[in-house]
Amino acid sequence: MANVLIVGSDHAGLELKRELASLATELGYDLRDVGTHTSDSTDYPDYAHQVASAVAAGEGLGLLVCGTGIGMSMAANRHPGVRAALCGDVFSATMARQHNDANVLCIGARVVGSGLAGEILKAFLGASFEGGRHERRVNKIDLSNEG
Ligand code: RB5
């Protein structure tokens, strides 16, 4: 079964989301796009919550794009089990997966150029969680796991 990437953006992230979605398809991912699908002004939390719900349900990894990526990451991280990482460089994208077991990548379309954004996505999708000591730390992120 192919890996699934659930993508969402607001109007500010629409173009970059489309570019990254086609890159992910080339990399063999099955794409699910929750919107937005037009350049009309819209509200980023509406898409962040849809993507985060699907990721929390184990349906795949997530990609969220807005102007800065900040609002998307704030909204997505309200969902238990979602670890959304706002990345503006390749190293952070790799580490977000290896150390933080991030399951949603957030990118700011007004911050990061499309070439770099593609490299960030490739790094995120190509890395995997290292477990071990990082597992204990990741478990401590959720307040419900506080001892
Ligand atoms: C939209 O203008 C902008 O506020 C939004 O895309 C995002 O940057 C919010 O975090």
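I'd like the trypsin sites (Lys or Arg not before Pro) in the range 71-147 restricted to DSSP loop residues with at most 13 other Cβ atoms within 10 Å, sorted by number.
Answer by residue number: Arg78, Arg110, Lys140.
Could you work out how far the C-alpha centroid of the range 11-64 sits from that of the range 103-131, in angstrom?
So the separation of the two Cα centres works out to 13 Å.
Say the dipole of the chain comes from +1 at the beta carbon of Lys and Arg and -1 at that of Asp and Glu; which of Thr68, Asn103, Ala12 then lies farthest toward its positive end?
Asn103
Obtain the radius of gyration and the Kirkwood radius of the chain from its C-alpha atoms and give Rg over Rh.
That ratio equals 0.95.
Anything in the chain that counts as a DSSP H helix reaching 15 Å or more along its axis (C-alpha) with Kyte-Doolittle mean of at least -1.0? List them, would you?
Those that pass (Cα extent of 15 Å or more, hydropathy at least -1.0) are 14-26, 44-56, 114-126.
With only Lys, Arg, Asp and Glu charged, each at its Cβ (+1 for the first two, -1 for the last two), find how big the charge dipole of the range 40-147 is about the Cα centre; round to the nearest 20 debye. Intermediate values should be presented prior to the final figure.
On the way: 9 positive and 11 negative charges, 67 e Å.
For the range 40-147, the charge dipole is close to 320 debye.
Quick note: the coordinates plus some simple rules give every number you see, no bench work behind them. Computed from a predicted model, the values in this text were never measured in an experiment. Every residue, glycine among them, receives a Cβ derived from its backbone with ideal geometry; neighbour counts consider all protein chains shown.
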